[in-house]
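J.: Quick one: the structure is below, and I'll ask about it shortly.
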Amino acid sequence: MNETFYQEMRRKGYSRRDFLKMCGLLTAVLGLEASFTSRIANALETKPRLPVIYLSLQECTCCAESFIRTAHPLLSELLFNMISLDYMETLQAASGLQAEEAKMKTMQDYKGHYLVVVEGSIPLNDDGIYCTIGGRSAKDILLEAAQNSVAVIAYGSCATNTCVQGAYPNPTGAVPVKNIVAHVPVIDVPGCPPIAEVIAGVIAHYLTFDRLPELTNLGRPKAFYNHRIHDNCNRRAFFDAGMFVENFDDDGAKQGWCLYKVGCKGPTTYNACAITQWNNGVSYPIKSGHPCIGCSEPGFYDNFPMYEHLAHVPITAMPFEPDKIGKWITGLTVAGVAAHGVATGVIKRLDKEPRKDEEAGK
């Protein structure tokens, strides 16, 4: 446990150059200036790996699937070297009493110096019987693990906004992590699934600066949740041009036009999907042809019909209707062509007329 991240990398055969490249990548992921690379490198060279307890509560494990399928060297194999993953039901070899003993040992030996990652919501109805482990409720397990942690990362939409478990009528009484944990910081990392790079970024920030990263007003890391998907969408040019897919079988869909009219929630969803993407930056839902369902935002699971668009897009202080933007753009284009034609005619006429100063000189 006392081995640093850099020592772990060298032991596994990585060079100094590989380490510095990784630090540069992490600097970019965190949205920091290049000058911070040396600080990140120093932190990972000198500080021991951070113990992590990963809890799986009321969920479907898609968050864990995202967690273990990160693509960059830092975020695939090296993520498990950057931290000491002491408890994670999905991955650990131990089970039963051995697994629980490992978790208890971490909580006792590293009191105030370990991180808790929580996947899943917490059911409260009927004394929490809808999610129990070893006869204990999810609420009790979470409170015990979080009690002496440095912080809790609510990882995924189930943990941050209850996702489908909290959909009406919410029979299990599911609530997000922040409704249960109040005595330590809770960092929300929403998404279904979430982007795994966010966890690495939060951990690296904490190791480098001895404090948690700056959060948005909703408790999310600003480096990943400060911009709408719409702002960096690969189909944004079609939105601005008023070129929309009307149904999934039309020519617009085949040509990659904007998906707003078939329900895309990108203009109201804050996440790094369009920037970071999945599978080593290969794609994300909108790029692959499906509208964003807004899974990062509270209550998205009750927004039906899912494939109908919003009445207005909050792009400026005065929202506009996308249905009319095409007509506006067409009108502006016609007006522009007409103005160009008038201007061209005037210029040609002036060129044909003799200039007064030339006549005066004759």
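The values are calculated or read from the model by the stated rules, or taken from the named source; none is laboratory data. Keep in mind it's a predicted model, so treat the numbers as computed, not measured. Reconstructed Cβ throughout: ideal geometry from the backbone, glycine too, with neighbour counts over all protein chains shown.
J.: Suppose the filter is aliphatic (A, V, I, L, M) and in contact (Cβ under 8 Å) with a residue 60 or more places away in the chain; does A253 pass it?
T.: On the way: aliphatic (A, V, I, L, M): yes; in contact (Cβ under 8 Å) with a residue 60 or more places away in the chain: no.
Judged against the criteria, A253 is not a match.
J.: Restricting attention to segment 215-270, which residues are in contact with a Cys (Cβ under 7 Å, 6 or more places away or on another chain) and of a type outside the set (A, V, I, L, M, F, W, C)? Can you show your working first?
T.: Of segment 215-270, the ones in contact with a Cys (Cβ under 7 Å, 6 or more places away or on another chain) are 229, 235, 238-239, 243-245, 264-266, 269.
R235, K265, G266, T269 - these are the residues of segment 215-270 that are in contact with a Cys (Cβ under 7 Å, 6 or more places away or on another chain) and of a type outside the set (A, V, I, L, M, F, W, C).
J.: Out of the residues in segment 172-190 meeting the condition of being part of a loop (DSSP other than H, G, I, E, B) and β-branched (V, I, T), tell me which one is nearest to D126 (Cα to Cα).
T.: Of all residues in segment 172-190, those part of a loop (DSSP other than H, G, I, E, B) come to 172-173, 176, 180-185, 190.
Narrowing the set further to residues that are β-branched (V, I, T) leaves 172, 180-181, 184.
On the way: T172: 8, I180: 16, V181: 20, V184: 26 Å.
Ranking the candidates gives T172 first.
J.: Just need a number here: residues in segment 146-171 that are surrounded by fewer than 20 Cβ atoms within 10 Å (Cβ to Cβ) and part of a loop (DSSP other than H, G, I, E, B).
T.: Let us first name the residues in segment 146-171 that are surrounded by fewer than 20 Cβ atoms within 10 Å (Cβ to Cβ), namely 147-148, 150-151, 164, 167-171.
Subsequent filtering for residues that are part of a loop (DSSP other than H, G, I, E, B) retains 147-148, 150, 167-171.
Within segment 146-171, residues that are surrounded by fewer than 20 Cβ atoms within 10 Å (Cβ to Cβ) and part of a loop (DSSP other than H, G, I, E, B) number 8.
J.: Give K139, K111, K105 a once-over and let me know the one that is surrounded by fewer than 22 Cβ atoms within 10 Å (Cβ to Cβ) and in contact with a helix residue (DSSP H, G or I) (Cβ under 6 Å, 6 or more places away or on another chain). Quick ask: steps written out before the conclusion?
T.: Working: K111 fails: in contact with a helix residue (DSSP H, G or I) (Cβ under 6 Å, 6 or more places away or on another chain); K105 fails: in contact with a helix residue (DSSP H, G or I) (Cβ under 6 Å, 6 or more places away or on another chain).
The conditions single out K139.
J.: Note down all Cβ pairs under 6 Å where the first residue falls in segment 193-212 and is assigned by TED's automatic domain parsing to the domain that holds A159, the second is polar (S, T, N, Q) and surrounded by fewer than 24 Cβ atoms within 10 Å (Cβ to Cβ), and they're at least six residues apart or on different chains.
T.: Between residues of segment 193-212 that are assigned by TED's automatic domain parsing to the domain that holds A159 and residues that are polar (S, T, N, Q) and surrounded by fewer than 24 Cβ atoms within 10 Å (Cβ to Cβ), the close pairs are P193/S66; I195/T276; A196/S66; A196/T70; E197/T276.
J.: Same structure again: Report yes if some residue within segment 236-247 is in contact with a Phe, Trp or Tyr (Cβ under 8 Å, 6 or more places away or on another chain) and part of a helix (DSSP H, G or I); otherwise report no.
T.: Narrowing segment 236-247 to residues in contact with a Phe, Trp or Tyr (Cβ under 8 Å, 6 or more places away or on another chain): 238-239, 242-245.
Okay, now just the ones that are also part of a helix (DSSP H, G or I), so 238-239.
Looking for residues that are in contact with a Phe, Trp or Tyr (Cβ under 8 Å, 6 or more places away or on another chain) and part of a helix (DSSP H, G or I), one finds at least one in segment 236-247, hence yes.
J.: Name every residue in segment 256-283 that is part of a loop (DSSP other than H, G, I, E, B) and touching a residue at least 40 places away in the same chain (Cβ under 8 Å), in order of residue number.
T.: Of segment 256-283, the ones part of a loop (DSSP other than H, G, I, E, B) are 256-257, 259, 263-265, 269, 271-272, 277, 279-282.
Those that are part of a loop (DSSP other than H, G, I, E, B) and touching a residue at least 40 places away in the same chain (Cβ under 8 Å): G263, C264, K265, T269, N271, A272, N279, N280, G281.
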